[in-house]
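The values are calculated or read from the model by the stated rules, or taken from the named source; none is laboratory data. The structure displayed is predicted, hence computed values, not measured ones. Backbone-built Cβ (ideal geometry, glycine too); neighbour counts: all protein chains shown. Heads up: the accessible areas ignore ligands, DNA and RNA and are worked out on the full protein's heavy atoms, side chains in. Shrake-Rupley method; radii C 1.70, N 1.55, O 1.52, S 1.80 Å.
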Amino acid sequence: MRIAIFSTYTYDEAYLSRFNTGHELTFFVLPLNEQTVTLTQGYDAICIFVNDTVNKEVLEVLHKNGVRLVVLRCAGFNNVDVAAAAQLNIPVVRVPAYSPEAVAEHAMALILTLNRKTHKAYNRVREGNFSLEKLIGFNLHERKVAVIGTGNIGKAFCNILRGFGCRIYAYDIYPDPEMAASGVTYGSLEETLADADIVSLHCPLMDSTHQMINAETLQLFKKGAMLINTSRGGLINTVDVIAALKHGQLGYLGLDVYEQEGKLFFQDYSEDVIQDDMILRLISFPNVLITSHQGFFTQEAMEQIATITFRNIDEFASSIELSNQVKVS
Ligand code: NAD
């Protein structure tokens, strides 16, 4: 099949080329959106990532151009209008799980860095400053951690927390009996957030979860708690989170995702004037740590993404049942 692959960097090209099962691949650096969809003329499938836009308008052009399959090389599919794709008879496939440990470990990396301030210590020591002033952290042992969403990544994260001796509380619309049996305490969102020292988000972005962390829910947090989001930026109302940081209701914030990340993440703007005032405000806090959607970015995850992506394409090419098709809810 002829496949147009959008939002690609050197690492995408390297892994997708290595695991290609015989398809004709064209790599575009550009993201797929209303402006770039014209590039899809003559392709059988498109392969996209987290910040590409596949709305109704884009899908109609894809359909006109003869594209027959939308291939997500990620788990989340909030950027695709799945219902509109179904109406046009264009199946959408994704990589539902690829090394959930990669994202879970990154969530823990954010926690450890924010807590023990290793990023500041690194810079201090390089400048000959061996002072410990203001570097104090807290033990994770015995701390209450609230895990919102205990799917693949949430579970992997709970396993890591167990190793640190944390008290694990979770909220999920479908609590997992095995996790409950292993010592995770499920409760309502309110019960789970109450008194938690750390809150980590691992649920998908949907209408029901959009901005679930807002002025109202932030009031349920323990004062000075840490919030970690490695899931999707839209889970958080950024304006409300900035206000909570300003008056100390939130003590720490670790983000690997950001609602407006499509205009910034994965690009080098170090010599430009960044126009997004909200991210600049966030960066200015001493207790905020932002990474640019790199939770997935391990060798193991890239290998699994490439392998499953081509398995999905091969299933479609062989007209067999699509094991990873995104169904209209
Ligand atoms: P998953 O589908 O295995 O698990 C999601 C869990 O969230 C499920 O248990 C589900 O029941 C639960 N859930 C759904 N609605 C909920 C709600 N309203 N409140 C609480 N829980 C709810 O997904 P996953 O593989 O664990 O991935 C979770 C999210 O992580 C993805 O949706 C994606 O947005 C994000 N992600 C981020 C990266 C990254 O690089 N930072 C990489 C992969 C995935």
Row for the chain, column shape: gyration tensor on C-alpha, a ≥ b ≥ c, rounded if a/c < 1.5 i.e. under 1.5, prolate if a/b over b/c, else oblate; value prolate
Set 134/223; 144/223; 144/246; 117/144; 223/263; 222/246, cut-off 25 Å on Cα-Cα distance; pairs above it are 223/263
Expected field for residue 247, accessible surface area in Å² at 1.4 Å probe radius, rounded to 10, holds 110 Å²
Site residue 61, offset 7 angstrom along Cα→Cβ, radius 17 Å on amide nitrogen, limited to region 19-45, gives 28-45
If amide H atoms are modeled at 1.01 Å from N in the peptide plane, then the residues at a separation of 5 or more from residue 166, or on another chain, having amide H under 5 Å from its own are 142
Highest mean packing first, using Cβ neighbours within 10 angstrom, the peptides 223-236, 105-118 sort as 223-236, 105-118
Projecting the Cα atoms of 262, 189, 302 onto the charge dipole of region 183-329, where Lys and Arg contribute +1 and Asp and Glu -1 at Cβ, the residue farthest towards the positive end is 189
In whole percent, the fraction of accessible protein surface over region 173-232 that belongs to carbon or sulfur atoms, probe radius 1.4 Å, stands at 55 percent
Ranking 185, 40 from most to least accessible area with a 1.4 Å probe gives 185, 40
Averaged per residue, the 1.4 Å probe accessible area of region 59-202, protein heavy atoms only, in Å², is roughly 48 Å²
For region 208-249, the Cα gyration tensor yields equivalent-ellipsoid semi-axes (√(5λ), largest first, whole Å) of 16, 10, 10
Restricted to the chain, the DSSP antiparallel beta bridge percent, nearest 5, is 5 percent
Gyration tensor on Cα atoms of region 1-115, a ≥ b ≥ c root eigenvalues, a/c under 1.5 rounded, else prolate if a/b beats b/c, else oblate, says prolate
Heads up, region 192-329 by the C-alpha gyration tensor (a ≥ b ≥ c square roots of eigenvalues; a/c under 1.5 rounded, else a/b over b/c prolate, else oblate) looks prolate
Descending accessible area (1.4 Å probe), largest on the left, turns 329, 131 into 329, 131
Length gained, residue 174-residue 195, 0.36 nm per residue minus C-alpha separation, equals 5.3 nm
The extension gain from residue 263 to residue 134, computed as 0.36 nm times the residue separation minus the Cα-Cα distance, is 43.0 nm
With only helices counted (DSSP H, runs n ≥ 4, each -39500 (n - 2.57)), the per-residue ellipticity at 222 nm for the chain, to the nearest 500, works out to -10000 deg cm²/dmol
Among 50, 316, 99, the residue whose Cα sits farthest towards the positive end of the charge dipole of the chain (+1 at Cβ of Lys and Arg, -1 at Cβ of Asp and Glu, taken about the Cα centre) is 99
Sorted list, accessible surface of protein heavy atoms, 1.4 Å probe, largest first, for 120, 56, 263 is 263, 56, 120
